[in-house]
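To start, the structure itself, in structure tokens.
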Amino acid sequence: MPKERVGLVSEIPPGSNKVVTVRGREIAVFNVGGDFHALLNRCPHEGAKLSRGIIVGLPESEVPGCYQLSRPGEILRCPWHGWEFDLRTGKSHCDPQGLFTRQYKTSVERETSPDSCGDAGLTAETFPVIVEEAVVLVEV
Amino acid sequence: MTSVIESPSAGAVTKVDAGIIDCDVHPLPKDSKSLYPYLARSWQEHSEQFGTHLRQPFINTTQYPRTAPLICRRDAWPPAGGPPGSDLAFMQQQHLDPFHILKAILIPLFGNVASERNQDFARALATAHNDWQVAEWLDRDARLRASLVVTQDDPVAAVKEIERCARDGRFVQIMLAPRSSEPLGRRRYWPIYEAAQAYGLPLGIHSYGIGGHASTGGGWPSFYMEEHYATTMGGPAVMSSMVMEGVFEEFPALKVVLVEIGFAWVPSFAWRLDRLWERLGDEVPHLTRPPSDYIRKNFWYTTQPMEEPAKPEALRRCFDWLGWDRLLFSTDYPHWDQDDPSYAFKVKLSPAERKQICRGNAENLYRF
Amino acid sequence: MLRQANPFPKVDCDLHLTLPTTSELLPFLDDYWHEQVTSRGIDRLELTGDISNLPAAIRPDWRGPATLERVQTCALDAFDTDIAICNCLYGAQAVYNADLAAALCGAMNDWLVANWLSKDERLRASIIVPWQHPELAAKEIERRAPDRRFVQVLLMVLGDRPLGQRSMWPIYAAAEAHGLPIGVHAGSTYRFAPWTNGWPSYHIEDQAAQSVGFQTQLLSMITEGVFKEFPKLRVVLTESGVTWLPSFLWRIDKLWRGLRMEVPWVKRPPSEIVAEHVRLTMQPFDGPKDPQIVREMIEQIGEEMMLFSTDFPHWNFEQAEFAPTGFDADLMNRLRTGNPLKTYPRLQETS
């Protein structure tokens, strides 16, 4: 599958996401603690943009009244009805088999480019610099 | 007629009917002083010095913490600032334009006018809400319609406000709170119903209000999940009271729209009332017909939050039992549990059925 | 001891007796409470919230005192019933003094044994408990549990507080430990207005409110985690109305998906929890006249969910019909025998 460039790693700090449109499909790429996960940006329930949801942990309990919050930053609550999705799989917490959003494979690669220093004209002498930067790619 | 439009929320091209009437949209003021231009100086002072006086523990928030700030969907905060529902341009861009909404009925809940204990202040607030709707909304977008805000605990003042506003045909219903001081069928409220019938204005009874009674007959529950359901049960509370007190014998042309109080509970509740009436009907001799007859003739229901049975066809049967002509599409924009018209119905509807619910029924009821 | 040789008994899961006045309970009260009751005239504790006290709600041919003889003739013999569960709603469950409540509930249970359970082998009863004070209620359950003719613990649907709240849990712990389902019966102690909008004018409206009360109370038991904490507990909604169940479950299953973070111990869709832990007696069914729609409703509800009840002497049957319109013979057999035996472990015991 062709890889599409999402953006620089530095553009998507942990806990944030970037939305890209690839061949008409809106894809939200989330940085989950340094890992990048790409989901179709549409809640399978009523179509809300998942990129507008909030990133939270997973509340769990084995005993009524005892609360645990696990997996901080790995759960997305839909901006509308609050249904929870696992950012690592795209599956909904309450109905993982029946309700999920499409997931895409991501990768991080090094990209080299000439230094894009734009004020060259203001200096008497410039030195060409090659920088190596990490970029996020998504397979669509 | 249908057309293909871009649904911004879906991020995909979705086929929806060309032309929807949205029977439940919530406007909010930009800030706490937004109503001041419509309040006398003395009431502005009162607002500063005393604020509201409600039958609930908190001054600035609801009894139960909601699922999201201001009960709103998280993507509805206007980029230009202010709370969701406070920026007409953003509402147009996010909601009215993309869904091809022909008419949207505003339901301003924020002032808790129906529940304010200080009746003089409530009267001033009701008038301010109505003038604010005209100036800030109706005059700025021809698609908008308003709900007439009244002091339901002071029906004499309510009738005066109805007489003042009803001249403006853009007020399309009278707004009441189901969580009222007393059950809404009781005779103290009848002057409002007399005026509603006389002006041909339906009652829009939207799930809200702080009547001072526990939210369930068994007391105050612990969780918002329970409170959310308990507010829905304000629907049968209103229906039972209005039917059993004989409101529709006295005002046969009165139309009642239950807004955001569900609809799937209605068939079984109507059956229950009929069975009870068969045995205990002597207690309410003023009823000349089974309760389900009044329900079928005098009540309408907005659709949000849509029911999603595991077997979608059960929803179709529910519509059959309710009457397809009774359902009015609503989104509840910008609240968290709102419905998107492209996705709301999990059962397959024919274009004619869809048009009836999303547009036709409201056109008939509100005479658009 | 019990004699229940018939492996396929026909069970009536809800019938009612004419209750004693407090003075008839004097033989079962200790000296202090005996003197309190007599010297203060503590009597006539009939409940506003019990439909038994509404003459118009009694089936016309079943009116008059529900004495043992009348119960035997009209409720047991007439329906060929092998086992019947007596549910008594009594003022003891509504007084505000929890100690008085405990004394009267204890006396009431003694009275049931002496005047009913010991006089007809077909009769079983629900334990009446001072639920105003759940620890005292649990003590009463402990005291009665050895008598196997008590087959469940009786609560009313509308009382001091939402039924799921943790302060109620001593009752559920004791009930679960002894294999006793909780029977939640229609009725109110009027601590709160029947409706969220206050006090309606008519009895018929109070009755209409009951089925809504059942919905909010069942939701309380689910959200508070009663069935997580007490995984073997069964709840029998008695005289609750039945047809509200499907649409109630649609709504709370959907709510759970968005709000389960508030109650993370609720790990399954509420409809699954209800299917496992909750049953409903079939009177009143609150169905339509059209038998086809009744059959559709039964399919939505699930045949396994309902238990047969006459609700004697309340007037919930259509005319004198044995089964409501749309209920066929196979279904009635299931409701009368299979479902009750699975719900009430003690009904399967033979001596």
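The values are calculated or read from the model by the stated rules, or taken from the named source; none is laboratory data. What you see is a predicted model; the values in this text were computed from it and never measured. Using ideal geometry, Cβ is built from the backbone for each residue, glycine included, and neighbour counts are taken over all protein chains shown. Ligands, DNA and RNA are excluded from the accessible area calculation, which covers all protein heavy atoms including side chains. Shrake-Rupley method; radii C 1.70, N 1.55, O 1.52, S 1.80 Å.
Of note:
- Sole residue being among the basic types (Lys, Arg), under 30 Å from B:Gly19 (Cα atoms) and either in contact (Cβ under 8 Å) with a residue 60 or more places away in the chain or assigned to a helix (DSSP H, G or I) (or both), chosen from B:Arg145, B:Arg140: B:Arg145
- Hits in region A:58-80 (condition: over 12 Å from C:Glu262 (Cα atoms) and open to solvent by 10 Å² or more (accessible area, probe 1.4 Å)): A:Glu62, A:Val63, A:Ser70, A:Arg71, A:Pro72, A:Gly73, A:Glu74, A:Arg77
- Region C:18-59, residues that are within 13 Å of C:Phe312 (Cβ to Cβ) and open to solvent by 20 Å² or more (accessible area, probe 1.4 Å): C:Thr18, C:Ile51, C:Ser52
- Of the strands (runs of 3 or more DSSP E) lying entirely inside region A:17-67, those containing at least 2 residues that are within 14 Å of chain C (Cβ to nearest Cβ) are A:54-60.
- Test: residue in region C:284-294 that is open to solvent by 10 Å² or more (accessible area, probe 1.4 Å), facing another protein chain (nearest Cβ under 8 Å), in a helix (DSSP H, G or I) and closer than 24 Å to B:His228 by Cα: no
- Filtered residues of region B:232-267 (kept if under 23 Å from B:Ser147 (Cα atoms) and either at the interface with chain C (Cβ under 8 Å from one of its Cβ atoms) or basic (Lys, Arg) (or both)): B:Thr232, B:Met233, B:Gly234, B:Pro236, B:Ala237, B:Val238, B:Ser241, B:Lys255, B:Gly262
- Taken together, the residues in region C:154-187 that are facing chain B (nearest Cβ under 8 Å) and farther than 20 Å from B:Ser222 by Cα amount to 0.
- Filtering region C:234-246 to residues that are open to solvent by less than 10 Å² (accessible area, probe 1.4 Å) and under 16 Å from C:Asn339 (Cα atoms) leaves C:Val235, C:Val236, C:Leu237, C:Thr238, C:Val242.
- Failed criterion for C:Pro9 (all others in (1) part of a loop (DSSP other than H, G, I, E, B); (2) open to solvent by less than 40 Å² (accessible area, probe 1.4 Å); (3) closer than 21 Å to C:Ser240 by Cα hold): (3)
- Qualifying residue in region B:157-175 (condition: in contact (Cβ under 8 Å) with a residue 12 or more places away in the chain, aromatic (Phe, Trp, Tyr), away from chain C (no Cβ under 14 Å) and not in a helix (DSSP H, G or I)): yes
- Among the candidates B:Asp332, B:Asp340, B:Asp325, residue that is open to solvent by 50 Å² or more (accessible area, probe 1.4 Å), of a type in the set (Asp, Glu) and either more than 8 Å from chain C (Cβ to nearest Cβ) or in contact (Cβ under 8 Å) with a residue 40 or more places away in the chain (or both): B:Asp325
- If you go through region A:36-56 and keep only what is farther than 14 Å from A:Gln103 by Cα and either within 10 Å of the chain's Cα centre (by Cα) or open to solvent by 10 Å² or more (accessible area, probe 1.4 Å) (or both), you end up with A:Lys49, A:Arg52, A:Gly53, A:Ile54, A:Ile55, A:Val56.
- Among the residues making up region B:189-219, those that are facing chain C (nearest Cβ under 7 Å) and assigned to a loop (DSSP other than H, G, I, E, B) are B:Gly211, B:His213, B:Ala214, B:Ser215, B:Gly217, B:Gly218.
- Scanning region B:58-84 for residues that are of a type in the set (Ser, Thr, Tyr) and within 10 Å of another protein chain (Cβ to nearest Cβ) gives B:Tyr64, B:Thr67.
- Inside region B:220-253, residues that are surrounded by 24 or more Cβ atoms within 10 Å (Cβ to Cβ), touching a residue at least 60 places away in the same chain (Cβ under 8 Å) and not in a helix (DSSP H, G or I) make up a count of 1.
- Leading residue by the ranking (surrounded by the most Cβ atoms within 10 Å (Cβ to Cβ)) among those in region A:4-26 that are hydroxyl-bearing (Ser, Thr, Tyr) and farther than 17 Å from A:Leu40 by Cβ: A:Ser16
- Residues that are under 19 Å from A:Ser61 (Cβ atoms), within 22 Å of the chain's Cα centre (by Cα) and part of a loop (DSSP other than H, G, I, E, B), drawn from region C:231-274: C:Pro231, C:Leu233
- Some residue of region C:194-209 being within 14 Å of another protein chain (Cβ to nearest Cβ), small (Gly, Ala, Ser), open to solvent by less than 10 Å² (accessible area, probe 1.4 Å) and farther than 18 Å from B:Trp220 by Cα: yes
- Extreme residue, farthest from C:Pro284 (Cα to Cα), among residues of region B:275-290 that are at the interface with chain C (Cβ under 9 Å from one of its Cβ atoms) and open to solvent by less than 30 Å² (accessible area, probe 1.4 Å): B:Val284
- Conditions (1) without any contact (Cβ under 8 Å) to a residue 60 or more places away in the chain; (2) buried (at least 24 other Cβ atoms within 10 Å of the Cβ); number of the one not met by B:Val259: (1)
- Flag for C:Leu158 being more than 23 Å from C:Leu17 (Cβ to Cβ) and either in contact with an Asp or Glu (Cβ under 6 Å, 6 or more places away or on another chain) or surrounded by 22 or more Cβ atoms within 10 Å (Cβ to Cβ) (or both): no
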